[in-house]
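Everything below concerns the one structure shown next.
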Amino acid sequence: MPDALILVDLQTAFVSGPNAIPAALRLLPCVTDLLQRARSADAVIVHRQNDGPVGADDEVGSPGWELYLPVGAGEHVIRKPRDDGFDATALGEVLVGAGVRSLVICGVMSEMCVHATARTALARGYQVTLPHDAHGTYDIPAVPGVSEAIPAHTVSRVAAWSLGDQPDITHPATAVTFEG
């Protein structure tokens, strides 16, 4: 059973409003349920917050940069400058300090920050669960002469699948149980 939950870039710009990922309305209830169950189990909870560049939807200090879900007492908020949540942040120290061995990763974008964080967690020896319905992304637009548009749900599936056979990527969020 996982003993930590990492919520990746669940920021207002990505999960609400006109620029939200296509699956935001499906994703948010899954993630909210995971968060409530992690809290009930006293699991370690880490909210990752991307510091976007000037002019981006997630530019630091902008309304889109704000975390969408409220942060509870004792939960960690760790800002990040790059896709990999471990790179140039205190995430590794937080997890090691709390004795975490296994974790659930959810959030946005499947093929970028979620994937990069999961890949590093696996490389560091963590057992990783990536519920198929708790991460999402945007459609990849068509490129004339190269490929048709790729729907967001396909991008998410490929991103998870490309992590190999180490993480648990087949279970829905409702199947995840936490150990505090």
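The values are calculated or read from the model by the stated rules, or taken from the named source; none is laboratory data. These figures come from a predicted structure and were not determined experimentally. Please note: Cβ atoms are built from the backbone with ideal geometry, for glycine as well, and neighbour counts cover all protein chains shown. For accessibility, only protein heavy atoms count, side chains too; no ligands or nucleic acids. Shrake-Rupley method; radii C 1.70, N 1.55, O 1.52, S 1.80 Å.
Computed quantities for the displayed model
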read-out: Members of region 111-132 found to be over 23 Å from I150 (Cα atoms) and touching a residue at least 24 places away in the same chain (Cβ under 8 Å), listed by number; value: T120, A121, L122, R124, Y126, Q127, V128, T129
read-out: Given (1) in a strand (DSSP E or B); (2) more than 19 Å from L35 (Cα to Cα), index of the condition R119 fails; value: (1)
read-out: Selected residue (criterion: surrounded by the fewest Cβ atoms within 10 Å (Cβ to Cβ)) from residues of region 56-85 that are small (G, A, S) and not in a helix (DSSP H, G or I); value: A73
read-out: Selected residue (criterion: nearest to A20 (Cα to Cα)) from residues of region 150-169 that are out of contact with any helix residue (DSSP H, G or I) (no Cβ under 9 Å at 6 or more places or on another chain) and open to solvent by 60 Å² or more (accessible area, probe 1.4 Å); value: H153
read-out: Residue count, region 133-152 (criterion: in contact with a strand residue (DSSP E or B) (Cβ under 7 Å, 6 or more places away or on another chain) and touching a residue at least 40 places away in the same chain (Cβ under 8 Å)); value: 6
read-out: Residue identified as of a type in the set (A, V, I, L, M) and either crowded, with 18+ Cβ neighbours inside 10 Å or touching a Leu at 6+ places or on another chain (Cβ under 7 Å) (or both) among V143, V176; value: V176
read-out: Condition check for H132: within 23 Å of S162 (Cβ to Cβ) and either part of a helix (DSSP H, G or I) or open to solvent by less than 70 Å² (accessible area, probe 1.4 Å) (or both); value: no
read-out: Members of region 45-55 that are in a loop (DSSP other than H, G, I, E, B), in contact with a strand residue (DSSP E or B) (Cβ under 9 Å, 6 or more places away or on another chain) and either of a type in the set (A, V, I, L, M, F, W, C) or surrounded by 14 or more Cβ atoms within 10 Å (Cβ to Cβ) (or both); value: D51
read-out: Filter result (farther than 20 Å from E93 by Cβ, buried (at least 18 other Cβ atoms within 10 Å of the Cβ) and either free of Cβ contacts under 8 Å to residues at least 60 places away in the same chain or touching an Asp or Glu at 6+ places or on another chain (Cβ under 8 Å) (or both)) within region 17-44; value: A20, L27, L28, C30, L35
read-out: Subset of region 90-111 [crowded, with 18+ Cβ neighbours inside 10 Å and assigned to a loop (DSSP other than H, G, I, E, B)]; value: V100, M109
